[in-house]
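The values are calculated or read from the model by the stated rules, or taken from the named source; none is laboratory data. Quantities reported herein were computed from a predicted structural model and do not represent experimental measurements. Here the Cβ positions follow ideal geometry from the backbone for every residue, glycine too, while neighbour counts run over all protein chains shown.
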Amino acid sequence: MPSLPPTVSGPPGQVPAPTMLPLRIDRCPTGIEALDAILDGGIPRGNMVLVSGSVGTGKTTLSLEFLIRGAERGERSLFLSVTEAKDKLVQNLSSFEFFRRELLEDGSLVMVDLPVVTAKLGFDRDELTHEDMELLLRTIHDLVQTLGIRRMVLDSITSLGYRIARDEQIRDFLLRLGEMLSEANCTSLIVSEISPERGRYSTRGVEEAIVDGIILLHNTQRLGDILRVLQVVKMRGTAHSRALYVLELTPIGILLAPHLKGGRASLE
């Protein structure tokens, strides 16, 4: 689409200063309607976003719905699982109405067990070396390029990080992964497991400084109930709400509603 000329205004005879029209942001809609509203239309295309939360807060479900909604739009999607076998993931997905098995059959949604890949690459050590990480990055790069991946999830950086000794190694890995995915115009979610005692958004405390966005999931106790809560902490390249939203996992997908204040609430 050709760019529009700058608009001008002012009295006759006076040369006005041009007023540039705002640039249009290419967005990747998550497909979760309320989350896209929070993000003013979706995640800026090519961003790498940390999805952080403790156990049972909905991190994997949100990430999988993001991929499935993308696959339905014709955007080939890749799920890299570090801990849970893809057969079990598919079995769990079967309870959601938005999941269609044919997306796997026609290659629109690709699920890869990363431990199987690393075993084939010869990573039989408890601690990954620099050479191992270089090979892993090249392998992910080849998958993204060869398959034409537009959306990717890594679940989780925490589990992968157990095999990476130093914080600077995780920082370098994520920096290079983010650059590679951005060049491929691939939008990604990186799952991070954190303890209920919040103080940072990742296990090592370095991941949140690298990523373009942070979506925080946690549990809130309110009037005797435990509620899942979502908050977009940061998102580069777009305005967004920082309010708290109650998250519900339903058969039709994730639903969000404003978190109504009142009563005593405590964070887990």
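Numbers at a glance
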| item | result |
| --- | --- |
| Residue within segment 122-141 that is within 22 Å of Lys59 (Cα to Cα), outside any helix (DSSP H, G or I) and either in contact (Cβ under 8 Å) with a residue 12 or more places away in the chain or not charged (D, E, K, R) (or both) present | no |
| Members of segment 226-236 found to be surrounded by fewer than 16 Cβ atoms within 10 Å (Cβ to Cβ) and either closer than 24 Å to Thr187 by Cα or among the hydroxyl-bearing types (Ser, Thr, Tyr) (or both), listed by number | Val233, Arg236 |
| Any pair with Cβ under 8 angstrom, 6 or more apart, that starts in segment 244-255 at a residue that is part of a strand (DSSP E or B) and ends at one that is of a type in the set (Phe, Trp, Tyr) and exposed (fewer than 15 other Cβ atoms within 10 Å of the Cβ) | none |
| Top-ranked residue of segment 116-137 - restricted to ones that are exposed (fewer than 13 other Cβ atoms within 10 Å of the Cβ) and modelled with pLDDT under 85, ranked as nearest to the chain's Cα centre (by Cα) | Asp126 |
| Flag for Ala209 being assigned to a helix (DSSP H, G or I) and farther than 26 Å from Gln91 by Cα | yes |
| Residues of segment 185-209 satisfying the condition of being aliphatic (A, V, I, L, M), in contact with a Phe, Trp or Tyr (Cβ under 9 Å, 6 or more places away or on another chain) and farther than 23 Å from Glu75 by Cβ | Ile194 |
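A quick yes/no check of all residues on (1) over 16 Å from Val233 (Cα atoms); (2) of a type in the set (Ser, Thr, Tyr):
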site	(1), (2)
Arg166	yes, no
Ala184	yes, no
Ser192	no, yes
Glu207	no, no
